[in-house]
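Notes follow once the structure below has been shown.
What follows is calculated from the coordinates using simple rules that are stated; it is not laboratory data. Source: prediction; values computed, not measured. A quick note on method: Cβ atoms are made from the backbone with ideal geometry, for glycine too, and the neighbour counts reach across all protein chains shown.
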Amino acid sequence: MADLGRIFKAYDVRGVVPDELDEDVAQAVGAAFVELTGATSVVMAHDMRPSSGPLAAAFARGATSRGADVVNAGLGSTDMLYYASGSLNLPGVMFTASHNPAKYNGMKMCRAGAVPVGTDTGLLEIRDRAAELLQAGLGGEPGAGTVTERDVLEGYAAHLKTLVDLSGIRPLKVVVDAGNGMGGYTVPEVFKGLPIELTPLYFELDGSFPNHEANPIEPENLRDLQKAVVSHGADIGIAFDGDADRCWVIDERGESVSPSTITALVAVRELAKNPGATIIHNLITSKGVPEIVAEHGGKPVRTRVGHSFIKAEMARTGAVFGGEHSAHYYFRDFWFADSGMLAALHVLAALGEQDRPLSEVLSRYSRYAASGEINSRVEDQAAALASVRETFAGREGVTFDELDGLTVSGPDWWFNLRPSNTEPLLRLNAEAADDEKVAAVRDEVLAVVRS
């Protein structure tokens, strides 16, 4: 049986094209997806990578061979695919490798209503059935189902603007860095009609990412945006990743804003509309987030990292909003799915509803010093985690938590060290009362991990 274990991750499919992921694999996954979900129709979209269109077409061949009809939304962001899945009430698949380098591609799958498909909700069964089909021959009747084209961009943009009131905001100067990704396709339509003077950076769709990787969590990928915000005297800068489901914010000084700060801001806005509601935050989010949520009458709930886990917890608790430190933001009113664009609209609304600069607006939502995410390439991740635990064991006031990786907490600091779901990396996030303490914790952990 073909081994697809390398590319089926915790909550999506991702691999090098064509070595690990090719059109045969995509076709087999399409057939398996229909067989195991019982879907009679599927909606799909794809990003701007050269391999995305052919992979989507192959998936459609597999799906239609099992009798399902396919609605092809064409180019789109991942949250546009979630909009299509939710508004059409259809299972969906998005072809993208998000922020990964150009040689990668992948699939994000969901059931009708944008309900996620992860390891606990069918992804492993799809993997195993696809492997069986690859071994036995794909089979099935070509064209048993139909493929129709459908443009959902305009509907997506209109729907987002029903969820955030931007009617009364002041004129804003906004710089957006799309990183040659799908933000260059969706931003013009979403911003249409708003009092926004837009300065676009790298809006040309180009899956080779000629200017920088479309991964805003890496500081070097924000440099051009930071410079442009200052040089244009802009009110705000926004960066999107490759499939535009994440957004990163730069304030008017050119300073990077922590996603935890944005999580707290949006949480307070959602709690104003939904008093006493539940807010989800993942375990690497600043501890300031649950503090602020509780202070505003909300119920904070902590969960592990990953979109399928957060979406499942949001559905279970009925949470109105969830935020991740990776700049994913999830909304009950968006089928519990994540949308970087919707989070960006919330920030624009909060900024445009008053006259203060963004740095002042956000100052009340930032309480602690943080390291940011630091990656270390580690082949034996289990051994490294064990060494770190041993290093901190027995210290007074120190506790351990293994909800996701290893979280170690002290009297005025904490850190989380967890394996990447997509790469051979350990990811470190640390937080403390001040920068000096953060640096000390960071350096001690990295010395163990990288030894």
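Were the residues from Glu189 through Asp19 laid out at 0.36 nm apart, the gain over their Cα-Cα distance would be 57.6 nm.
Quick one: length gained pulling Glu379 to Val230 fully straight, 0.36 nm per residue minus the C-alpha distance? Each step should come with its number before you reach the end.
Numbers: separation 149, 0.36 × 149 = 53.64 nm, distance 4.08 nm.
49.6 nm is the gain from fully extending Glu379 to Val230.
For a protection proxy built on the mean count of beta-carbon atoms within 10 angstrom, sort 151-159, 165-173, 245-253 highest first, please.
Going by the mean number of other Cβ atoms within 10 Å, highest first, we get 245-253, 151-159, 165-173.
Here the average projected area of the convex hull drawn through the C-alpha atoms of region 74-204 stands at 10.6 nm².
Ranking Leu351, Ala369, Ser387 by Cα position along the charge dipole of region 312-451, where only Lys, Arg, Asp and Glu carry charges on their C-beta atoms, puts Leu351 farthest toward the positive end.
Lys pairs in the chain, Cα-Cα under 15 Å, at least 8 apart or on separate chains: how many? If you can, show how the numbers build up before the last one.
Numbers: Lys9/Lys108; Lys108/Lys311; Lys161/Lys192; Lys173/Lys192; Lys173/Lys227; Lys273/Lys299; Lys287/Lys299.
So the count of such lysine pairs works out to 7.
For the pair Ser359 and Arg389, label points projected 7 Å from Cα toward Cβ lie 4.3 nm apart.
Mind jotting down a quarter of the surface of the convex hull over the alpha carbons of the chain, in square nanometres, one decimal?
Numbers: hull surface 81.8 nm².
Averaging across all directions leaves 20.5 nm² for the Cα convex hull.
Taking 7 Å steps out from each Cα toward its Cβ at Glu197 and Arg170 produces label points 1.3 nm apart. Region 40-60 and region 362-406 have Cα centres separated by 38 Å.
For region 278-329, the spread of Cα coordinates along the three principal axes comes to 28, 21, 14 Å, biggest extent given first.
Over the residues of the chain, the helix contribution to mean residue ellipticity at 222 nm works out to -11000 deg cm²/dmol, using -39500 (n - 2.57) for each DSSP H run of at least 4.
With contacts taken as Cα pairs under 8 Å at a separation of at least 6 residues, the chain carries a relative contact order of 13 percent. In terms of packing, defined here as the mean over residues of other Cβ atoms within 10 angstrom, the peptides 442-449, 58-65 line up highest first as 58-65, 442-449. Across all Cα pairs in region 1-45, the calculated P(r) in 5 Å bins from zero up to the longest distance comes to 5, 17, 28, 28, 15, 7, 0 percent per bin. Shown here: region 247-392, whose C-alpha atoms stretch 51, 39, 27 Å along the first, second and third principal axes, sorted largest to smallest.
Using the alpha carbons alone, the radius of gyration of region 163-270 stands to its Kirkwood radius in an Rg to Rh ratio of 0.95.
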